[in-house]
Structures are given as C-alpha cells and as structure tokens.
Amino acid sequence: MSTEPSSQPNVLTLTIRDKSIVVPECNHIVVGRRAPTGQAQPDIDLSPFSAEIKGVSRRHLRIVHLGGTAVLVNDLYSANGTWLNGERLKPLIEYPLNDGDLLRLGQLEIVVKFGT
C-alpha cells in the first residue's frame with residue numbers, strides 16, 4: 001500500500017451494502033457508532049448498519065481532508081481494528097484513501113468512492 005496521498009476529487013462517499021454516505025469535506029470526521037446520551041457522538045454514525053454487532057467502536061476512525069487534494073484515514077485505537085485493503089492499520093498513523101479502497105471496521109466492510 002502506498003503511503004503517499006494521491007489527488008482526488010472532493011466528494012468522498014462511503015458505500016455499505018447498497019447505501020452510500022457522503023462524507024462532508026471538513027478538517028476531520030469521526031466515524032463510529034452511536035454512544036450513550038451525554039457522551040461524544042461520532043460525526044458519521046454507522047449504527048444503522050449493525051455496527052455494534054459487527055464490532056465497530058463508538059469512535060472507530062478519523063477521516064482527514066488535506067486541503068481538498070488528499071484524504072487520509074487513521075484508526076482511533078478501536079477495539080476490533082481497522083483494515084485498509086486487507087492491511088491492518090496501526091492506531092493514529094495516517095493512511096491515504098483512494099477510489100475503490102476497501103475499509104473494514106471490525107467486520108463491517110465499506111467501499112471508498114471519490115467523484116464529482
């Protein structure tokens with residue numbers, strides 16, 4: 001896997017089964033599952049995709065936009081790990097995302113798509 005981010009169009013979509021989630025372009029987005037009331041919630045809640053059963057942590061990973069030219073992802077010390085194209089990510093290390101990449105959060109598979 002390359003460690004250099006590549007230029008991508010701005011629109012990032014995460015596809016789970018037949019549903020797509022458009023990721024807002026901002027400095028960073030936390031992805032996980034719903035937390036109990038009063039605790040910090042993820043920016044993108046994967047609870048509707050059986051996230052708890054599939055081992056997604058409440059604050060599982062972070063997506064970082066670099067000035068609209070590259071997108072990085074890092075694991076936030078998740079309990080069940082994050083994989084990018086079959087390679088387990090080390091916590092807090094940033095890895096580039098590319099069109100067509102396969103992310104796995106615990107046992108939940110997500111296809112990464114970039115487009116306009």
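A short reminder: the numbers here are calculations on the coordinates, not readings from a lab. Every value quoted in this text rests on a predicted model; they were computed, and no experiment measured them. Quick reminder, even Gly has a Cβ in these numbers, built from the backbone with ideal geometry, and neighbours come from all protein chains shown.
Set against the 2.2 N^0.38 Å expectation for a compact globular protein, the range 61-116 has a Cα radius of gyration ratio of 1.07.
Farthest toward the positive end of the dipole of the chain, out of TRP83, PRO36, LEU72, is the Cα of PRO36, where the dipole comes from beta carbon charges about the Cα centre. Rounded to the nearest 20, the Cβ-based charge dipole of the chain about its Cα centre (Lys and Arg +1, Asp and Glu -1) stands at 400 debye.
A Gaussian network model of the chain, with springs between Cα atoms under 10 Å, assigns the largest mean-square fluctuation among GLY32, GLY100, GLY81 to GLY100. Over the chain, with a single point scatterer placed on each C-alpha, what log10 of the ratio I(q)/I(0) does the Debye formula yield at q = 0.10, 0.22 1/Å? Here log10 of I(q) over I(0) equals -0.25, -1.33. Counting alpha carbon pairs within less than 8 Å and at least 6 residues apart, what relative contact order, in whole percent, applies to the range 11-115? So the answer I get is 25 percent.
Amide H to amide H, with H built 1.01 Å from N, LEU61 comes under 5 Å of VAL31, LEU76, counting only residues 5 or more places away or on other chains. Less than 22 Å apart at the alpha-carbon level, and either on another chain or at least 8 residues along: which lysines does that give for LYS90? The qualifying lysines are LYS54. Where both bridge residues fall in the range 11-115, DSSP classifies roughly 95% of the beta bridges as antiparallel.
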